[in-house]
Amino acid sequence: MFRWLFLNQNAPVGENNWKLGVLRIILLSALLLDCGIAIVQSMSAESTQETGNRIFLAGLIVTKLLALLICSAAPRRAAMLMLAGIYGGAAAILSSVADMQLAMLAFPYIYAAPLLARLFFGQASVLSLMFANTFAFLLLLTGMMPAWFGVPLTLSGYGQLVMASLIFLFFNLLMPLVVSRVLLAFEESFEQLQQSNRALNVSYTQYQEVFENAGTALLLTDAFGQILQANHQANLLLGRHPDAEDDLALFSWLSAENNHRRKNDQLDDSLTLPLSAYRTRDGRMVAMDNISRTSSDHWIVALRDVSNLQKMQTALQLSLEREDYLNSHDALTNLPNREMLRQYLQTVLTKQDPNNINVTALVSFRVNSIRHANQQFGAHTGDVMLRRFADELSLVLPKNCFCARLRSIVLSFVVDQFRTPGDIIDYVDQLRQVLPKELEVNGEILVVQFSAGIAVIRAEDSNPDELIRRSEVALDGARRASDQSVTLFDEGNAQQLRRTIDIDVGIANGLKQNEFALYYQPKVAHDGSVGGVEALLRWRSAAMGRISPAEFIPIAERSGLIHQLSNFVIEQACTQIRCWLDEFGTSPVVAVNLAVNDIARLDLLELIEASCARHHVEPRFLEFEITETGLIANEKLSIHHLNGLKNRGFGIAIDDFGTGYSSLSKLSHFPAHTVKIDRSFVAQIGYNRKSEMIIKAIVSLADILSCSTVAEGVENESQEAFLKDVGCEFFQGYYYYRPLDVAAMNTLLRDAYVSKQVLLQTS
């Protein structure tokens, strides 16, 4: 029974369960009361007046039984039947008890109806029943109690028993059971609530631990960015006090960097933020890694400190900018390089206006004196000189003038807004006057000499490389001019440049194809005998024909191919000496010319010694000629190499003596065996008294220096007579022999050596 009434501890917990139990208790108690009344009435004397009363009680009993039967399936209907039974029971009491004082005890039964109704229905039903009970209370006060069914209602002497039973059932059974069931439900609900609270506390603690120790800065905000909660890392990152209440908006702690705040700072489903940094109040950079929406329309925002990443990105950006700068600028002068000049010229050519009457041109300056500075003081001095010159040029050019380093010692700039090419030439001449004539570098005063070439942009120009080529052609023409003038491009320059390029390329191919050969021009003594020979390089190109040494040697010196030619000459000279030694048992001394670049070669001594060793040639059969200019260009290294050659037994000759700028004091330090008088003085014999005096001075100076003398370019008998008269020892020129190929030289030597042997045998 208790289990049926849901009073046991194992009954299911729930609102419907405890209400169902209360409903059953009330219905059962009311049923017992009705049954009791019915029993009392049945014990009364039979009376037709009580028949209606019995039928009414039977109806009440049936109603309560019906309510008990349907309470599980339809509790609200059962509750309605219960309320009807309460009022019916009260009516039964009032109709069954003759004593009005006892019958009035039915009213508390009625007054309990609103309270019981509240357990099963809403507040409206309570108010309705309270209002209905008010009328019953008024009837009670006025004493106007109605007679039920039109008959007096009495229970004889059982009225007191009925009321006692009513009080007992209501207060000792119904109310205790109802209250007990309600309290039990409350206790179970409270226990369940406590368990839920404990579980919630555990869950909250876990949430707090996860929230605080998530390894990242987390914020909980509402839809408008108001900070509802922040973990310790987030507070540290934002510089925010955990208990801050004066300013709770997230975006009040951040300022946008490369981002814009959304309208009204409101977060919504479409909110997406790239990995761009926001700056905090203390200057740190913060990125919003993730934004997630919760079920309660709040937002979880994950922040990350990207200050170091931002620094790395900034450093990387600067590095990329620096790399881009280095790729487009010259490291020495900090000027744009050739590629950037091309891009600029391409832009200029693209934007040409055919209606523009102004002239635009590319001007190139070649600092010619830098090579001399490199040779005399080292490459570092030349670099400093070029950088200083670039700085000076940038100062005198207009601020918007584009200036670049075209190549090694060539600087180029673009000028415009001139009416004619002549105006540009005048402007360049003005620059030449303004630019310094000397520069002090490392305590040395260096003379500044430069050539200028101008290429005017034509209307049909579209290729920047062609414009640059024209400026270089003009520059090459200006460089060859003795007065270092300003040269405007013309087609003659272009043809000369093309030939220069052909020769430059042809030298390397000519060496591979054996197009080069040595010719030998004898040096003649007073008695007409061969006192030695000078090896002269000749080139017959398959594509260009015979090319003069005066043309291809300077080109080889500028391009760096002179070393390959010198290697060839030394190797061929040693080979030929070996052939003469094998055929005649002896060989004339062979003089080999060393270029200015050759005397400064670090491997010069090793190269010569290796070639001599390879062909078993003694040093006494080789002589090396070097010009005065070559000696002065790199004096220390020249003296070192020449002393090394002299100590090894090689002969040393100073070529073109008298045409250079060397002083007597410097010449006294050069380890020379022979001085060669330049052909320009020999050609003036009989015409120029000063030249004859210079020749006499050179012969006297050579005698003082213990050097033999050789006169170059002897063309006639009068020149020979004068030279013999002043004491010159050897002669060389067309008056005696032209340069001879190997076959002709072999014939000459064969005749000379055979004649000498015959003369010795005769004597």
Open item on the list: Could you tell me the center-to-center distance, by alpha carbons, between the range 673-710 and the range 189-209 in angstrom?
Closed with: 120
- [ ] Can you send over the carbon and sulfur percentage of the accessible area for the range 306-427, probe radius 1.4 Å, protein chains only?
- [x] 51
Open item on the list: At a 10 angstrom cut-off on C-beta neighbours, averaged per residue, how do the peptides 323-331, 190-198, 77-85 rank from highest to lowest?
Closed with: 77-85, 323-331, 190-198
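Output the direction-averaged projected area (hull surface divided by four) of the convex hull of the alpha-carbon atoms of the range 534-637, in nm². If you can, show how the numbers build up before the last one.
Numbers: hull surface 30.1 nm².
Taking a quarter of the hull surface, the average projection is 7.5 nm².
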Task: Set of lysines near residue 64 by C-alpha distance (under 23 Å), chain-local residues within fewer than 8 positions excluded - done: 19
Open item on the list: Per-residue counts of other Cβ atoms within 10 Å, averaged by peptide: what ranking do you get for 210-217, 371-378, highest first?
Closed with: 371-378, 210-217
- [ ] Mind running the shape call on the range 664-728? Use the C-alpha gyration tensor, a ≥ b ≥ c as the square roots of the eigenvalues: rounded below 1.5 for a/c, prolate if a/b tops b/c, oblate otherwise.
- [x] prolate
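If you count only protein heavy atoms with a 1.4 Å probe, what accessible area per residue comes out for the range 496-556, rounded to a whole Å²? Before the final figure, lay out the partial values.
Values: 2840 Å² over 61 residues.
Counting only protein heavy atoms, the per-residue value for the range 496-556 is 46 Å².
Arrange the peptides 410-422, 741-753 so that the one whose residues have, on average, the most other Cβ atoms within 10 Å appears first. Spell out each step's value before the answer.
Details: 410-422: 17.2, 741-753: 14.9.
Packing order, densest peptide first, comes out as 410-422, 741-753.
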Task: Listed pairs 351/399; 523/724; 676/724; 696/724 exceeding 19 Å between Cα atoms - done: 351/399
Task: Whole-number percent relative contact order across the range 509-664, with pairs defined as alpha carbons under 8 Å at least 6 apart - done: 18
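The values are calculated or read from the model by the stated rules, or taken from the named source; none is laboratory data. All figures in this text were calculated on a predicted structure; none of them were measured in a lab. Note: ideal-geometry Cβ built from the backbone for every residue, glycine included; neighbour counts use all protein chains shown. The protein model used for the area step is the full one, side chains on, heavy atoms only, and it has no ligands, DNA or RNA in it. Shrake-Rupley method; radii C 1.70, N 1.55, O 1.52, S 1.80 Å.
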